[in-house]
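Please treat every number below as a calculation from the coordinates, not as lab data. Just so you know, these numbers come straight off a predicted model, no measurement behind them. Cβ atoms come from the backbone with ideal geometry, glycine included; neighbour counts cover every protein chain shown.
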There are 2 protein chains.
Amino acid sequence: TSLEAVNKPPPVVHYHLNNVTTTADPIGNQETVLILTPLARFYQEYWNNLLALSYPHHLIALGFIIPKTKEGNAATISLQAAIASTQTGPEAKRFASIIIMRQDFDPPLQSQDEAERHKKENQKARRAAMSRARNSLLFTTIGPSTSWVLWLDADIIETPPTLIQDLASHDKPVIVPNCLQRFTNDQGKADTRPYDYNSWQDSQQAQDMAANMAPDDIILEGYNDMATYRTLMAMTADKSDNRDINAVIALDGVGGTALLVKAEVHRDGAMFPPFAFYHLMETEGFAKMARRLGWGCWGLPNYFVYHYNE
Amino acid sequence: TSLEAVNKPPPVVHYHLNNVTTTADPIGNQETVLILTPLARFYQEYWNNLLALSYPHHLIALGFIIPKTKEGNAATISLQAAIASTQTGPEAKRFASIIIMRQDFDPPLQSQDEAERHKKENQKARRAAMSRARNSLLFTTIGPSTSWVLWLDADIIETPPTLIQDLASHDKPVIVPNCLQRFTNDQGKADTRPYDYNSWQDSQQAQDMAANMAPDDIILEGYNDMATYRTLMAMTADKSDNRDINAVIALDGVGGTALLVKAEVHRDGAMFPPFAFYHLMETEGFAKMARRLGWGCWGLPNYFVYHYNE
Ligand SMILES: Nc1nc2c(ncn2[C@@H]2O[C@H](COP(=O)(O)OP(=O)(O)O)[C@@H](O)[C@H]2O)c(=O)[nH]1
Ligand SMILES: Nc1nc2c(ncn2[C@@H]2O[C@H](COP(=O)(O)OP(=O)(O)O)[C@@H](O)[C@H]2O)c(=O)[nH]1
Ligand SMILES: [Mn+2]
Ligand SMILES: [Mn+2]
C-alpha cells in the first residue's frame with residue numbers, strides 16, 4: 001500500500017532521456033539492459049544460459065511475468081529457487097534487480113470442442129493473451145534509465161554468451177537472431193531445424209491477402225491453407241562453419257523468442273498489439289508498429305539461438 | 001550509470017498484479033495514483049490546483065515530460081522551484097515521488113511557409129509529437145503498484161479538489177470530465193465556453209469519411225471543411241446549478257486535458273498512437289485502442305474542469 005515500488009528516493013528524480021544512450025558499444029557506455037521473459041515453465045537450461053551471459057550482470061535487470069495457473073505456480077517456485085541461489089552467490093553473477101509479476105488471465109473463451117474446430121481463432125486468442133502479458137511486463141518494468149530491452153522466451157536454452165553485445169553491435173532499433181531447434185534426424189545424427197517462423201520479409205501475396213481480409217482477421221504463418229509466400233528467415237539460415245554470422249537483413253515481421261529492442265522504440269509507443277494491427281498481432285504486430293513509428297527491424301539469419309525441444 | 005533508478009531494494013520484488021485494485025473507493029483501498037503531465041509552460045495556478053487535491057498526497061506520484069526547448073527550460077526551473085517548496089513544506093501536502101523527464105524532439109519537418117499551407121498536415125506532426133511525449137512518460141513512470149493514471153495537462157488550472165475520488169467513483173476503465181474555459185463575454189460578464197473537442201460520440205458521417213480516406217489520413221475535429229457531425233461532449237454541458245454532475249455518457253473519442261485511466265488499461269497495451277489508428281491519433285486514438293482491447297470510455301458532460309485562458 002505504499003508507493004515505494006514506483007518511487008525511488010530521492011523523491012525528485014530528473015532524467016534527461018537523451019543521456020540514456022543505445023550504442024554499438026553498450027558495455028563501454030555502461031548501458032543498462034532489461035531482460036524480459038514471459039514464463040509459463042521454468043527450464044534450468046534457460047537459467048544456466050542466462051547466467052552464462054558475459055554482459056556485466058550489474059547492468060542487467062530481469063523481469064518475468066508468470067500466469068496464475070498451477071503450472072505457473074510451479075514455475076514461480078523453481079524460478080525463485082534459482083534466483084535465491086544466484087543472488088546469494090558470486091557477486092559478478094548477481095543481477096542488478098529482478099521483478100516477478102503474477103497475472104490472472106481470462107478464462108478461455110471457447111470449449112475444447114470449439115477449440116478443435118477453430119484452430120486459427122484459438123491462435124488469435126492465444127496471441128492476444130501473450131500480447132497482454134508482454135505489454136503488462138513491459139509497461140511495468142521499463143524505467144527512465146533503461147537503454148535496451150532483450151525479450152527472451154523461457155524456453156530459449158542456448159545462445160552465445162556474448163548475445164547482448166553481438167546483437168547491440170549492429171546498432172539497430174530492433175534486431176532478432178535466428179531461432180533454431182536441435183533434434184535427432186532420421187539418420188540418428190544431431191541436427192538443427194528452423195523453429196521461429198515469425199521473422200519474415202513480406203510478400204505481395206500476403207499483402208494481397210491482407211487487402212481482402214475482414215478488419216479483425218489476421219495472417220498466420222505456418223498454416224497450409226494460408227500460404228503467404230513470405231521469405232521466412234528461419235529457412236534462409238546458412239549453417240556452414242564459415243558462414244557470416246554478421247549478415248543482416250531487413251525484416252517486416254519479427255519473432256520474440258530472442259529479440260533486442262532499443263528502449264526508445266518501446267517508449268515511442270511500440271507495443272505488442274493484442275488486436276489485429278494491419279492484420280498482424282503480437283511480435284509481428286510489434287514489428288509493424290515499430291516501422292510505422294519510423295524504426296527499422298532487422299534480422300541475423302546466420303546468428304543462432306536455440307529453442308528447447310520437448 | 002547504475003540501475004538504481006529502475007531497481008528497488010530488495011533486489012527481488014514479487015508483484016501480484018491482481019492485488020493492485022482499482023475500485024470506486026480508491027482512498028479506502030489505498031490505491032496509488034500516478035498523475036502525468038506533458039508540460040511546455042508552467043502555470044502557478046496549475047500547481048496550486050494540484051496542491052489543493054484532497055486525495056492523500058502520499059498515494060500520489062507525479063510525472064512530467066518537458067521538451068528541451070528554451071520554453072521548456074524555463075518551465076523546468078519554475079516547476080523545480082514549486083516542487084522544492086512543496087516537498088519541504090507541510091508533510092500532508094508532499095507527494096510520494098516526482099519524476100521529471102526531459103526530451104528532445106525532432107526538428108519540425110516543414111518550413112513555416114509549408115506549415116501555413118498545410119495546416120492539417122502540421123496538426124498531424126504535432127499530435128504525433130504529443131503522442132510520443134505521452135508514451136515516453138507513461139512507459140517510463142508506470143510501475144507494478146500503480147492503480148490509476150490521471151492525465152492532467154499543465155494548463156488545467158481549476159478542478160474540484162475531489163477530482164480523483166469523483167472520477168474514480170464511477171469505476172470506469174477510462175473516464176473524462178468536461179473541459180471548459182472561463183472568459184468574459186460580450187456583455188462583460190464572467191462566462192464559460194467549451195474547450196476540449198476531443199471527447200465525442202462517433203457519427204455515421206465521420207465513419208463514412210474514415211472509410212473513404214487514405215490509410216494514413218486522420219479525421220480532425222474543429223475544421224470547417226471537415227464537418228464530422230459527431231456529438232461533442234463539450235457542447236452538451238448542462239451548466240445549471242441543479243445539474244446532475246454524475247451524469248455519465250459512453251464516448252468513442254476522449255480528450256487528454258484531464259483523463260482518468262485504470263492502469264491496467266495502459267498495461268494491456270493502450271497507448272497514444274503517434275500514427276493514424278483507425279484514422280485517429282493521440283488521445284482519440286487511445287480511446288479507440290482501449291475500446292479495441294475491450295475497455296469502455298466514458299464522459300461526464302456536467303462535471304467541469306477549466307483550461308487556462310491566455
Ligand atoms: N506469462 C505467460 N507466459 C506464457 C504463457 N504461455 C506461454 N508463455 C511463455 O511465453 C513464451 C512463448 O510461449 P511458447 O508456448 O513457448 O510459444 P511458442 O514457442 O511460440 O510455441 C515462453 O517463454 C512461455 O514460457 C502465458 O499464458 N502467460
Ligand atoms: N512534453 C511536451 N509537452 C507539450 C508540448 N507541447 C505542449 N505540451 C503540453 O501538452 C499539453 C497539451 O498541449 P497544448 O498546447 O496545451 O494543447 P491544446 O490545449 O490542446 O491546444 C499541455 O500540458 C502543454 O503544456 C511538447 O512539445 N512537449
Ligand atoms: Mn517457445
Ligand atoms: Mn492546453
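I'd like to compare B:162-169, B:212-219: which one has the highest average count of other Cβ atoms within 10 Å, and what's the full order after that? Intermediate results must be reported in sequence, preceding the final value.
Numbers: B:162-169: 20.2, B:212-219: 12.8.
Taking the mean over residues of other Cβ atoms within 10 Å, the ranking is B:162-169, B:212-219.
For the peptides A:143-150, B:172-179, B:43-50, what is the packing order when you average, over each peptide's residues, the other Cβ atoms within 10 Å and list the highest mean first?
On the way: A:143-150: 23.5, B:172-179: 25.5, B:43-50: 17.2.
Top of the packing list down: B:172-179, A:143-150, B:43-50.
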| query | Mean residue ellipticity at 222 nm from the helices of the protein assembly as shown, using -39,500 (n - 2.57) per DSSP H segment of n ≥ 4 over the full residue count, to the nearest 500 deg cm²/dmol? | reply | -8500 deg cm²/dmol
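To the nearest whole number, what is the average tally of beta carbon atoms from other chains within 10 Å of the beta carbons of peptide B:259-269? Don't skip to the end; give the middle numbers.
Working: counts 0, 0, 0, 0, 3, 4, 0, 5, 10, 9, 16.
Mean partner-chain Cβ count within 10 Å for B:259-269: 4.
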| task | Obtain the nm distance between the two label points defined at A:ASP186 and B:THR88 by a simple spin-label model: each point lies 7 Å from its Cα along the Cα-to-C-beta direction. | result | 8.0
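What is chain B by shape, rounded, prolate or oblate, if you read a ≥ b ≥ c off the alpha carbon gyration tensor as root eigenvalues and call it rounded for a/c under 1.5, prolate for a/b larger than b/c, and oblate otherwise?
Details: a/c = 1.34, a/b = 1.26, b/c = 1.07.
Rounded, since a/c falls under 1.5.
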| Shielding by other protein chains, A:270-279, mean Cβ within 10 Å | 4
| said: Amide H of B:ALA258 versus every other amide H placed in the peptide plane: which residues, excluding those fewer than 5 positions away on the same chain, fall under 5 Å? | reply: B:ASP153
| Nearest 0.05, what FRET efficiency do A:SER240 and B:ASN73 give at R0 = 51 Å with Cβ-Cβ as r? | 0.35
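With an 8 Å Cα cut-off and a minimum separation of 6 or more residues, compute the relative contact order for the range B:17-307 in percent.
On the way: 569 pairs, mean separation 69.1, N = 291.
Relative contact order of the range B:17-307: 24 percent.
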| note | With R₀ set to 51 angstrom, the calculated FRET efficiency between the beta-carbons of A:GLN44 and B:ALA24, to the nearest 0.05, is 0.65
| Under the definition of partner shielding as Cβ atoms of other protein chains within 10 Å of a residue Cβ, what is the mean value for peptide A:14-26? | 3
| request: Measure out, as a whole number of angstrom, how far apart the alpha-carbon centroids of the range A:154-187 and the range B:227-248 sit. | output: 56
| query | Pick from A:LEU51, A:LEU138, A:LEU17: which residue has the top mean-square fluctuation in a GNM of chain A where Cα pairs under 10 Å get a spring? | reply | A:LEU17
| task | Scan around B:TYR303 for amide H atoms under 5 Å from its own, H built in the peptide plane at 1.01 Å from N, and keep only partners 5 or more places away or cross-chain. | result | B:ASN178
| request: Report, in degrees rounded to the nearest 10, the 0 to 90 angle that the Cα long axis of helix A:70-87 makes with the longest principal axis of chain A. | output: 40
| remark: Sequence order, the range B:238-251: Karplus ³J(HN,Hα) from phi using 6.51 cos²θ - 1.76 cosθ + 1.60, θ = phi - 60°, Hz rounded, Gly and Pro as x, gives 8, 9, 5, 5, 9, 5, 8, 5, 8, 4, 10, 10, 6, 10
| field | Burial ranking of peptide ranges B:22-30, A:190-198 (average Cβ count within 10 Å, highest at the top) | value | A:190-198, B:22-30
| request: Quick one: which residues, 5 or more positions from B:GLN103 or on another chain, have an amide H under 5 Å from its amide H? H modelled 1.01 Å from N in the peptide plane, none for Pro or chain starts. | output: B:ILE66, B:LYS68
| task | Label the range B:128-277 by shape, choosing from rounded, prolate and oblate, from the square roots a ≥ b ≥ c of the eigenvalues of the Cα gyration tensor; if a/c is under 1.5 it is rounded, and otherwise prolate applies when a/b is larger than b/c, oblate when it is not. | result | oblate
| query | Roughly what angle does helix A:119-141 make with the longest principal axis of chain A, taking Cα atoms, 0 to 90 degrees, to the nearest 10? | reply | 20
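Rounded to the nearest 0.05, what FRET efficiency do B:GLN80 and B:ASN122 have when you use their Cβ-Cβ distance and R0 = 30 Å? Could the numbers behind the result be given before it?
Details: r = 31 Å, r/R0 = 1.05.
After rounding, the FRET efficiency stands at 0.45.
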